[in-house]
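Data block below; observations after.
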Amino acid sequence: MRGVIERLSDEGLGVLRAGRREMLIPHTVPGDTVEVLRWRRKKRKPIATEFKVLEPSPIRTEPKCPYFGRCGGCLLQHLPYKEQLKFKAEKLSRYLGMEVEVLPSPVIYGHRNRIDVVISTSGVGFRRYGTWWEAVDIEECPVFGETSGKVLKALREFIEEEKPSLYDIRRNEGFLRYIVIREGKFTGDVMINLVTKEGNLPESFPDYFPFASSIYWSVNRTESDVSYGDVQRFWGEEFIRERLDDVVYLIHPNSFFQTNSYQAVNLVKKVAELVDGERVLDLYSGVGTFGVYLAKRGFKVEGIEINPFAVEMARKNTELNGVSAEFHVRSDRDVENLSEYDTVVVDPPRAGLHPKLVRKILKDEPERLIYVSCNPKTLSNNLSQLREKYRVEYAVGLDMFPHTPHVEAVVGLRKFDI
Ligand code: SAH
C-alpha cells in the first residue's frame, strides 16, 4: 500500500487511506508519501510495522532526539510544535463540540520531571516502539534533560564495575529491572529509584550517584513489568521537593506527581482562577496538587482520594506549606453531601467520573464544577451527562505532554437556573 498521509489519528499516528480502508503509520506526518511493506492489526486497526517514507512532507521538522522513531516514548517530535498544538486543539474541540485553544508548554525539551528507564539484557533505555520485550539503548533523554545523561552514565559504570545481572523479561531472570529518575525542575533535587528482582545490591551502588539528593532501592518480586516495588532502603533524603509557584510538594518513589512541572504551574493557576466562593472540594486529590495550592490561596479545602499513601503525602504537603486543608481516604462512590461546597474540582483517572458520582453531582448540585481531564473522550461523555444541569462556561487545553498525542483539559461548569 502506498499513498499520502492525510491526517493524524487521535493516537497521533499518520492515517493513510485507500478507498474505505485506513492504515495507521507511526512517526509520520500529514503530507508524507509512504509505502507500507508490512503491517499487523492492533486493536482491530491495521498498523504499519515496516514502511518507507518516499517523500517527506514539507511540514516535517528535525526531531531533537537521536532515538526518535525507534524509542516508544515520543510520537510527534518530527511535527513542528505549532502543528502539535493545532492537532491537540482540533482533537479537543471535536470531543467538546466547541472551539478550544491549547496553551503551549513553556518548555518543550527537558520538561519531564520523571522517566522510567528499562534495564534489561536487550538494552538500558526505553521500550522499542511496538514491543514490550525489547529496549532501545539510550544515553540521554532530551525530554527529561541533562540529568538523565548523568544518571545513565553512572548506572553504566556501576554495571561495568560491579557486574550485576540484567533482567531478561522473557525468562523472568536477572537482577536489575528499572531505574526511575525524577527531578524537581524548580528546586534542582534529583531522586533515583533502582527497581530490582529479589537479591543483593552491591554496597557501592549509592556512591555512583553523588549528585542525587535521594537514592532508593526497591524490589519487585512479581513478574509484572512495572517500575516500582517495595522499598528496601534509601540513602540521603526520604523525599525530594518540587515547587509550583509558591507551593512546595514532596515527591516519594511511590507517589504520583504531575510530570511536566513547567506546565503544572499553569494548571494549578488556571484551576485557582476558576474557583468560586470559599469552600472547595478537591476530588481525586492525589498528593494534594490542587488542594494544597488552593489552601495557600486562602480557600477552605477538603480533599478526597482512594489511595492512602497519596493522602498521607497530601497531609505532609499541607503541613510543609503551613496551610490548613483536610484530606480523606475515600472512594468517589462514597462522597458525602456535595452541596456543602461552593466549588468542586474533579481530576479523575482516564476512565472519567464514576457514574454514581455523576448522579450525586446532579442530585446535590454544587454551584461550580471544575473538571480537569487527561482524556477528552471520557470528559466528553461526562459533560453530556452533566449538561442536564450544568453549562460549560469555559474550556481550555494545556499541553502537559509535548511530542505525545495527549492533551489535558480544564473545563469550568456552572449550575444553571431553571
Ligand atoms: N489531582 C491529583 C491526581 C489526580 S490522578 C494531582 O494532580 O496530583 C487521579 C487520582 O484519582 C489518583 O490519585 C487515584 O489514586 C485517584 N483515584 C482513582 N480511583 C479513585 C476512586 N475510585 N475514588 C477516589 N479516588 C480515586
Assuming Ala351 fulfils every condition listed in (1) within 9 Å of the ligand (Cβ to nearest atom); (2) assigned to a helix (DSSP H, G or I) apart from one, which condition is it?
(2)
Qualifying residue in the stretch 220-227 (condition: surrounded by 15 or more Cβ atoms within 10 Å (Cβ to Cβ), away from the ligand (no atom under 16 Å from the Cβ) and not in a loop (DSSP other than H, G, I, E, B)):
no
If I filter the stretch 282-317 down to residues being more than 23 Å from the chain's Cα centre (by Cα) and open to solvent by less than 30 Å² (accessible area, probe 1.4 Å), which single residue comes out as farthest from Pro348 (Cα to Cα)?
Ala295
Would you confirm whether any residue within the stretch 253-269 is within 16 Å of the ligand (Cβ to nearest atom), modelled with pLDDT of 95 or more, closer than 23 Å to Gly322 by Cα and surrounded by fewer than 15 Cβ atoms within 10 Å (Cβ to Cβ)?
yes
Among the residues of the stretch 139-161, are any buried (at least 19 other Cβ atoms within 10 Å of the Cβ) and in a strand (DSSP E or B)?
no
Just one listed residue, out of Val311, Val301, is part of a strand (DSSP E or B), assigned by TED's automatic domain parsing to the domain that holds Gly286, of a type in the set (Val, Ile, Thr) and without any contact (Cβ under 8 Å) to a residue 40 or more places away in the chain, and it is Val301
Checking the structure you have, find out if any residue of the stretch 374-389 is among the aliphatic types (A, V, I, L, M) and assigned to a loop (DSSP other than H, G, I, E, B).
no
Options Met23, Met1; residue that is open to solvent by less than 60 Å² (accessible area, probe 1.4 Å) and aliphatic (A, V, I, L, M)
Met23
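Here are some residues: Val372, Val346, Val392, Val335. Which one is crowded, with 17+ Cβ neighbours inside 10 Å, more than 16 Å from the ligand (Cβ to nearest atom) and under 28 Å from the mean Cα position of the chain (by Cα)?
Val392
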Here are some conditions: (1) surrounded by 15 or more Cβ atoms within 10 Å (Cβ to Cβ); (2) farther than 25 Å from Gly3 by Cβ. Trp39 meets all but one. Which one does it not meet?
(2)
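The values are calculated or read from the model by the stated rules, or taken from the named source; none is laboratory data. These numbers come from a predicted model, not from an experiment. Cβ coordinates were reconstructed from backbone atoms using ideal geometry, including for glycine residues, and neighbour counts include every protein chain displayed. Please note that ligands, DNA and RNA were not included when accessible areas were found on the heavy atoms of the full protein model with its side chains. Shrake-Rupley method; radii C 1.70, N 1.55, O 1.52, S 1.80 Å.
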